[in-house]
Each structure stands twice: as C-alpha cells, then as structure tokens.
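Visitor: A single structure is presented below for examination.
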Amino acid sequence: RNRQLSEIGPDEPMSPVDLAGLLRNRADRCRDLIAGLALHYDTCNQPVVIVGSERLLMGAIDELLFNACRELKEHLVPEPCLVLSVALEQHNAVIKVQDNGLPINDSLPIDPFREGVTKYRGTSGGTGLGLTIVRNIVGIHGGECLLAENRDQDDRRLAGATFSIILPINRGLEA
C-alpha cells in the first residue's frame with residue numbers, strides 16, 4: 001500500500017461508476033482481513049451511479065475500509081462489524097462505512113483528513129496520508145468527507161465511527 005498524494009490529479013478519465021456495486025465488491029475483501037467480520041449492506045442493493053474516476057473512487061473506498069478494519073483489529077473487537085450503505089440524498093450520493101472499533105472512551109482526531117494525522121505511526125506503520133488522499137479524491141469529484149462518532153437515537157456515544165463520502169450525482173453530466 002504505497003500511496004502518494006502526487007498520484008491524484010484532476011486529469012483522471014471520468015465515466016459512469018456504480019458506487020453501490022463498487023462498495024459491495026471492495027468490502028467483500030474485508031472478510032479476509034478480519035476473522036468473524038459481519039458485513040451488513042444497509043442500502044447497497046440498487047445501483048447509485050455518478051460520473052467519476054472508478055480507479056480513484058476505488059482507492060478512496062479501499063482506504064476507508066482499510067481504516068475501519070485496522071480499528072477493529074487494533075481494539076480486538078470481539079464481534080467486529082461493518083455497516084455499509086450507499087444512498088441518494090437530495091442531489092448527492094452518500095457512501096457510509098460504519099465500524100464498531102473505536103472504544104466509547106476514545107475520541108476522534110480533531111482534523112482527521114489533514115496530512116500527517118494518525119495514531120498508528122509507531123504501531124502499524126501509519127503515515128497519516130490515507131484520509132488526506134481520500135479527501136483529495138473526493139474533492140476532485142466535487143464532494144466532501146465526514147467522520148463522526150457513532151451515536152444512538154438519544155445521542156449517547158456508541159462504539160465505533162462512521163466515515164461518510166458525499167458526492168454530487170450530476171457533476172460531469174452538464175455537457
């Protein structure tokens with residue numbers, strides 16, 4: 001997983017990409033990384049298509065999935081679980097990767113998408129580039145990234161975190 005920010009550029013070829021299919025395909029590989037991993041596909045049954053770079057979007061999804069799996073491994077979660085969804089919300093496609101790895105008493109970094117932010121630099125070779133690369137890929141597609149602690153309907157903290165990628169669905173279709 002040798003990644004560099006210089007590999008990401010705005011001149012990437014764009015074509016229709018089914019985000020739901022891409023997420024399902026990439027997530028299935030997570031079972032090889034985490035023994036006993038439960039994968040729940042919340043809303044990934046219908047195609048959600050945007051115009052984008054399949055190569056770059058695959059890299060962003062792989063990075064989010066890798067980060068979620070690393071959290072599950074790092075915290076030795078006894079019943080590891082990923083909840084995955086791709087949905088249309090207004091004029092956006094919203095990809096969510098939710099894990100149950102981050103303990104309730106741990107907090108998220110203040111700016112997780114800034115270059116160099118990692119808690120794994122010493123333990124598992126983290127460079128702090130992963131989420132920065134995700135942010136740049138999503139930015140090329142006119143979208144945004146979010147990271148939030150998991151909460152229940154009464155706003156009580158739950159284990160884990162949810163990564164969200166929000167992408168406009170009709171960007172690139174103006175011509």
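Visitor: Send over a whole-number figure in Å² for the accessible area per residue of region 1-103, probe 1.4 Å. Display every interim value, and only then the final one.
Guide: Numbers: 5360 Å² over 103 residues.
The answer is 52 Å² per residue.
Visitor: Would you please give the residues with an amide H less than 5 Å from that of C81, counting only those at least 5 places away or on a separate chain, with H modeled from the backbone geometry?
Guide: Hits under the 5 Å cutoff: A38, N100.
Visitor: Go through region 56-68 residue by residue and turn each phi into a ³J(HN,Hα) via Karplus (6.51, -1.76, 1.60, θ = phi - 60°); whole Hz please, and just put x for glycine and proline.
Guide: Couplings: 5, 5, 4, x, 5, 5, 4, 5, 4, 5, 4, 4, 4 Hz.
Visitor: Could you sort 85-91, 21-27 so that the peptide with the highest average Cβ count within 10 Å comes first and the rest follow in order?
Guide: On the way: 85-91: 14.3, 21-27: 18.7.
Packing order, densest peptide first, comes out as 21-27, 85-91.
Visitor: About the Cα centre of region 16-65, how large is the charge dipole given +1 on each Lys and Arg Cβ and -1 on each Asp and Glu Cβ? Please answer in debye to the nearest 20. List each step's numbers first, then the result.
Guide: Numbers: 5 positive and 7 negative charges, 13 e Å.
So the dipole magnitude of region 16-65 works out to roughly 60 debye.
Visitor: What shape does region 14-59 have by the C-alpha gyration tensor, where a ≥ b ≥ c are the square roots of the eigenvalues, rounded means a/c under 1.5, and otherwise prolate means a/b greater than b/c and oblate the rest?
Guide: oblate
Visitor: Follow-up question, since we're still on this one. Give me, ordered by chain and number, the residues 5 or more places off C44 or on other chains with an amide H under 5 Å from its own placed amide H.
Guide: V86
Visitor: While we're here: When the accessible area of region 9-48 is split by element with a 1.4 Å probe, what percent falls to carbon and sulfur?
Guide: Numbers: 1150 of 2390 Å².
Reported share for carbon and sulfur atoms: 48 percent.
The values are calculated or read from the model by the stated rules, or taken from the named source; none is laboratory data. Every value quoted in this text rests on a predicted model; they were computed, and no experiment measured them. Every residue, glycine among them, receives a Cβ derived from its backbone with ideal geometry; neighbour counts consider all protein chains shown. Quick note on the areas: whole protein, heavy atoms, side chains included, nothing else; ligands and nucleic acids left out. Shrake-Rupley method; radii C 1.70, N 1.55, O 1.52, S 1.80 Å.
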